[in-house]
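Data first, discussion second: the structure below is written as structure tokens.
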Amino acid sequence: MSQRIIFHIDLDAFFASCEVLKNSKLAGKAVVVGADPKEGRGRGVVSTASYEARKFGVHSAQPISIAWRLAGGRVIFLLPDFAFYEKMSAKVMKILQKYVDAFESWGIDEAYLDVSEKIHNFREAKEFAQKIKEEIKEKTKLTCSIGIGPNKLLAKIASGYKKPDGLVCILPDKVLEFLKPLSCRELIGVGPKSEEKLARLGVKTISDLQKISREKLVDIFGKFGSSLYDYSRGIDESEVKESKERKSISCEHTFEKDTQNPYLIFATLNKLAQEVFKLIRKEKYHFGQVAIKVRYENFETHTRQSVLSESSSKFYDIKTKVRELILPFLKKGRSIRLVGVKVGRLRESKN
Ligand code: TTP
Ligand code: MG
């Protein structure tokens, strides 16, 4: 196979940067987007923080109460405005799409591009990436970080290497050297649990991981172990898959107090269904799947989904499916901390 050139593009502090676009007075300020902190009593999480706010130790997925403790009074807390973020995401994706040999959007603020047909070497690739950054900046006023590498794994690592506003290229002959000092957490699929298992083997850096045999990794991680062995050497053959649309849209809500009250749970799910529906209608999507998420007070989390016999664009279908799906969870007499609604199998409607 000839040398591939892959880009990974990731917008910087995306939700927070969008808020700055809506209100220029926030530029350069410490901004946290997420649940209402309620002066430290809030129960949701941080969606993201501007780089100025990250200096206080605030980060994505952190309980908002902790963010308040770390930075209350010093940062501006804002509730998310998903419809606006979706709009900005679509603008960026449209810019990226026109450059494609293959384009794969990945979540709301990330995409992979395969530019191998168009670009012939890594020097040209860097110039091209710079051009893309400038066009995104000019058309949306957002900054992004771009990683360039011979595959998706390395492009993704490179885009995260010098955030924000970064542009990093990992050349094929520098791959092993580049990977060695990095934490295994940089590798796709390595979360806190895998990290812990690796730590038990005495493995922290990718250099440590390179010393473990494929057999041993398969023993511990199953099929993923074999991928890990390859990843530690910078090997990843996965293709950039064409995906012109978001695959799902979701919203969730953490209750102020854990609850068993079916009326409150239904009302909240209904509101979330309406929020999701607003986005669907705006983008003129049809959906083929409805799902819910339930988190109990002890953080045990379940998802349930239902595939529609025929794709739909009606609010009624989201609402009735959500009601059906939640019922078994209400019978258990356990308190619920969070609920979420997701619609998936999205496709654009023809008309
Ligand atoms: P990320 O790209 O992970 O984060 P980011 O764009 O805010 O910051 P970075 O500069 O490091 O890329 O996620 C994109 C958006 O997705 C983020 O702005 C908010 C949302 N998000 C959550 O709501 N919860 C999360 O736990 C994470 C990681 C992201
Ligand atoms: Mg981002």
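Throughout, read-outs are computed from the coordinates displayed, never taken from laboratory work. No experiment lies behind these values; they were computed from the predicted model shown. A quick note on method: Cβ atoms are made from the backbone with ideal geometry, for glycine too, and the neighbour counts reach across all protein chains shown.
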Worksheet item: Picking from Val307, Val341, Val290, Val294, which residue would you name as being outside any helix (DSSP H, G or I), touching a Cys at 6+ places or on another chain (Cβ under 8 Å) and not basic (Lys, Arg)?
Response: Val341
Response to the item:
Taking the range 286-338 and keeping residues under 15 Å from Ala267 (Cα atoms), within 27 Å of the chain's Cα centre (by Cα) and of a type in the set (Val, Ile, Thr) leaves Ile292, Val294, Ile318, Val322, Ile326, Ile336
Discussion item. Every residue in the range 7-25 that is within 11 Å of ligand 1 (Cβ to nearest atom) and in a helix (DSSP H, G or I), please.
Written reply: Phe14, Phe15, Ala16, Ser17, Cys18, Glu19
Practice prompt. Evaluate the range 120-132: report whether one residue or more is away from ligand 2 (no atom under 16 Å from the Cβ), among the hydrophobic types (A, V, I, L, M, F, W, C) and without any contact (Cβ under 8 Å) to a residue 12 or more places away in the chain.
Written response: no
Worksheet item: From the set of residues in the range 216-238 that are in contact with a Lys or Arg (Cβ under 7 Å, 6 or more places away or on another chain) and part of a loop (DSSP other than H, G, I, E, B), which is surrounded by the fewest Cβ atoms within 10 Å (Cβ to Cβ)?
Response: Ser238
Item to complete: Could you list, in sequence order, all residues of the range 26-44 that are assigned to a loop (DSSP other than H, G, I, E, B) and either within 12 Å of ligand 1 (Cβ to nearest atom) or of a type in the set (A, V, I, L, M) (or both)?
Response: Ala27, Ala30, Ala35, Gly44
Worksheet item: Failed condition for Arg54, given (1) under 30 Å from Leu346 (Cα atoms); (2) within 12 Å of ligand 1 (Cβ to nearest atom), with all others met?
Response: (1)
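Would you please name the residue that is farthest from Ile136 (Cα to Cα), looking only at residues in the range 45-77 that are part of a helix (DSSP H, G or I) and aromatic (Phe, Trp, Tyr)? Outline the logic, then answer.
The first filter runs over the range 45-77 and keeps only residues part of a helix (DSSP H, G or I), leaving 51-54, 64-71.
Cutting the leftovers down to aromatic (Phe, Trp, Tyr) gives us 51, 68.
Details: Tyr51: 19, Trp68: 33 Å.
So the residue we want is Trp68.
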